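Just so you know, all these numbers are worked out from the coordinates, no wet-lab data involved. Source: prediction; values computed, not measured. Counting neighbours? That spans all protein chains shown, and the Cβs are built from the backbone with ideal geometry, glycine included.
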Amino acid sequence: MKLLTHNMLQCHVKGVRNGYPLRIEAQQDGGRFEVEVREAEFSADFLRHILPRLDWAALLEAAKALGEVAVGLPDAPPTDAMMHDDAFLQTFHRILLEVTVVEGELVCPESERRFAVKNAVPNMLLHEDEV
Amino acid sequence: MSRPELYGPATVVYNKEAAAKYTDASRNVEIQAKLTARAIELLALPKDGKRKFLLDVGCGSGLSGEHITEAGHTWVGTDISEDMLNICEERESGGSVCRSDMGDGLPFRSNSFDGCVSISAVQWLCNADRSCDVPKLRLKRFFTSLYRCLVRGSRAVLQFYPHSPEQAELITTSAMKAGFSGGLVVDYPNSTKAKKYYLVLMAGAPCMEVPLGEGAAGEAM
Ligand SMILES: [Zn+2]
């Protein structure tokens, strides 16, 4: 799971109103937590295109949960000047599109429902009584 | 050839072995390539050559996603089959995937994607695998959540294999009820073999550029 994907994911359990953003935590059983950097094609245009759609606070919180591998984002959404600064764009690209949560869990802020991330795939399948 | 969804739920049909087989069969690869290329064409994305953010519903092992990557776009995929998704990760098809049942609604917040493609998946919604699975409800949850997570003015192109004209009608009607406009595009309608159905949906009106008010550009009266 890339952080871009995480930025769009929300808890869709029936009756939940504010299932966003999902907290990123270690797996409850076994405490597994694994993060990798997986190369992705760089596009400055894409970063500028997607920026207005991001929830910046959610991205910051997610990056913080991943620790050192995702350090380098400003507290406020990047300015236009930053979005034309190559060094910043490279950092932004790495955090948004290359840093990958391989093992962990996503936790809904409202229902505390935990969704497992295994082999980089978040499992958002619902149980019968959650639909 | 009978179609896999007639046997049972996707999770059962696409177990590990079947998932690997499906991904390797070269005929499948070729068909998926053609269907995906056509679906991307029908998306009618702005021709600015810029990378877009797309959703692939029922992405399976990433065969369609690979073509989205090749077409120069970033994508997120969803599928119900864990085995298919694991192959997708192994093959590094370029997307970021999550496991979910489209009939439960998509787990994404509003205005996330510039478009959606789906290859050979939507007919699964009409299967009742579990006692609580009523096709109409599943279709409603799917299309409502799809409409919500698309950027206004964008499109979804869903290629599918209807079992009957009634099923095609049911799927199309559900999409319209969720707010989409658009309809069915049938390629090669006179050939039983080559005939293909694409549900082409528009999520609201395209973003309109509001013209400047007179005198607003600073020109003198
Ligand atoms: Zn929740």
In the stretch B:78-97, which residue that is of a type in the set (D, E, K, R) and more than 7 Å from chain A (Cβ to nearest Cβ) is surrounded by the most Cβ atoms within 10 Å (Cβ to Cβ)?
B:Asp79
Please find, among A:Phe42, A:Phe88, the residue that is touching a helix residue (DSSP H, G or I) at 6+ places or on another chain (Cβ under 7 Å) and either within 16 Å of the ligand (Cβ to nearest atom) or over 26 Å from B:Pro46 (Cα atoms) (or both).
A:Phe88
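Looking at A:Glu110, A:Glu39, which is the one that is within 30 Å of B:Glu70 (Cα to Cα) and within 14 Å of chain B (Cβ to nearest Cβ)?
Result: A:Glu39 is the single residue among A:Glu110, A:Glu39 that is within 30 Å of B:Glu70 (Cα to Cα) and within 14 Å of chain B (Cβ to nearest Cβ).
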Total residues in the stretch A:1-39, condition among the charged types (D, E, K, R) and within 16 Å of the ligand (Cβ to nearest atom)
4
Could we say that A:Ala70 is more than 16 Å from the ligand (Cβ to nearest atom), surrounded by 18 or more Cβ atoms within 10 Å (Cβ to Cβ) and within 19 Å of A:Arg114 (Cβ to Cβ) here?
no
Within the stretch A:109-127, which residues are touching a strand residue (DSSP E or B) at 6+ places or on another chain (Cβ under 6 Å) and either within 11 Å of the ligand (Cβ to nearest atom) or hydrophobic (A, V, I, L, M, F, W, C) (or both)?
A:Arg114, A:Phe115, A:Ala116, A:Val117, A:Ala120, A:Val121, A:Met124, A:Leu125
Restricting to the stretch B:136-153, give me the number of residues that are away from chain A (no Cβ under 12 Å) and farther than 19 Å from B:Ser112 by Cα.
2
